[in-house]
Amino acid sequence: DTGVSQDPRHKITKRGQNVTFRCDPISEHNRLYWYRQTLGQGPEFLTYFQNEAQLEKSRLLSDRFSAERPKGSFSTLEIQRTEQGDSAMYLCASSLATSPYEQYFGPGTRLTVT
Amino acid sequence: QQQVKQSPQSLIVQKGGIPIINCAYENTAFDYFPWYQQFPGKGPALLIAIRPDVSEKKEGRFTISFNKSAKQFSLHIMDSQPGDSATYFCAASGSRLTFGEGTQLTVNP
């Protein structure tokens, strides 16, 4: 399968704990995006990378959130000191820089903060 | 601030019907308008997309109509099938995607 993969698919954590999610994009895609989706809503943009450079961050991305794409391939999204409001589906997508509207999404990581 | 507004929130049609989902946007800097389809437990998947200099685009049973002056666009699904039952999102693209709130479509057999 050469699509976008995300790990883990589900994560349950206690409030205050740190969590880290991983995304592996389609190999030839140089752009990688993170979105958050809550029930009944469309995905909300968090941040995106072109190769290893983080080019844009949403105001939704508080100081507790950090994302990296160290070698321009896979990416990690870390949430520190999780809060119940962080419970959501975290989606990763990738695209070519020449076609940013044509994004391919992974299956998501569902985070539940108890 | 919601930059892409989508309606209706939910839609039920009979097999063979033509559901229509509408979206309106505010930012004239958007340069592409894709539609995504999402099934439960899956990530969104690109269905069809249109540029703002085109008034209509058709791919198979899916058609986008685009009205640049009104800043509105819509998705029509011809001869809808139960397998089309999913959540549909319109989006607007600049450097990233801005999504509408979604429409849950149910196509009854």
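Per-structure values
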item	result
Selection within the stretch A:1-49 - open to solvent by less than 90 Å² (accessible area, probe 1.4 Å) and among the hydroxyl-bearing types (Ser, Thr, Tyr)	A:SER5, A:THR13, A:THR20, A:TYR33, A:TYR35, A:THR38, A:THR47, A:TYR48
Residue match in the stretch A:96-110 (condition: more than 14 Å from chain B (Cβ to nearest Cβ), open to solvent by less than 80 Å² (accessible area, probe 1.4 Å) and not hydrophobic (A, V, I, L, M, F, W, C))	no
Residue check, A:ARG81 free of Cβ contacts under 8 Å to residues at least 60 places away in the same chain, surrounded by fewer than 17 Cβ atoms within 10 Å (Cβ to Cβ), of a type in the set (D, E, K, R) and in a loop (DSSP other than H, G, I, E, B)	no
Enumeration of residues in the stretch B:37-61 that are more than 8 Å from chain A (Cβ to nearest Cβ), in a strand (DSSP E or B), under 18 Å from A:GLU102 (Cα atoms) and out of contact with any Asp or Glu (no Cβ under 9 Å at 6 or more places or on another chain)	B:GLN38, B:LYS57, B:LYS58, B:GLU59
Filter result for B:LEU11 (of a type outside the set (S, T, N, Q), in a strand (DSSP E or B), away from every other protein chain (no Cβ under 13 Å) and out of contact with any Phe, Trp or Tyr (no Cβ under 6 Å at 6 or more places or on another chain))	yes
Criterion: out of contact with any strand residue (DSSP E or B) (no Cβ under 6 Å at 6 or more places or on another chain), open to solvent by 10 Å² or more (accessible area, probe 1.4 Å) and in contact (Cβ under 8 Å) with a residue 60 or more places away in the chain - qualifying residue of B:ASP53, B:ASP79	B:ASP79
In the stretch A:50-59, the residues that are open to solvent by less than 70 Å² (accessible area, probe 1.4 Å) and either more than 17 Å from B:ARG96 (Cα to Cα) or of a type in the set (A, V, I, L, M, F, W, C) (or both)	A:ALA53
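The values are calculated or read from the model by the stated rules, or taken from the named source; none is laboratory data. Keep in mind that what you see is a predicted model, and the values were worked out from it rather than measured. Every residue, glycine among them, receives a Cβ derived from its backbone with ideal geometry; neighbour counts consider all protein chains shown. Ligands, DNA and RNA are stripped out before the accessible areas are found, and what is left, the full protein with its side chains, is counted by its heavy atoms. Shrake-Rupley method; radii C 1.70, N 1.55, O 1.52, S 1.80 Å.
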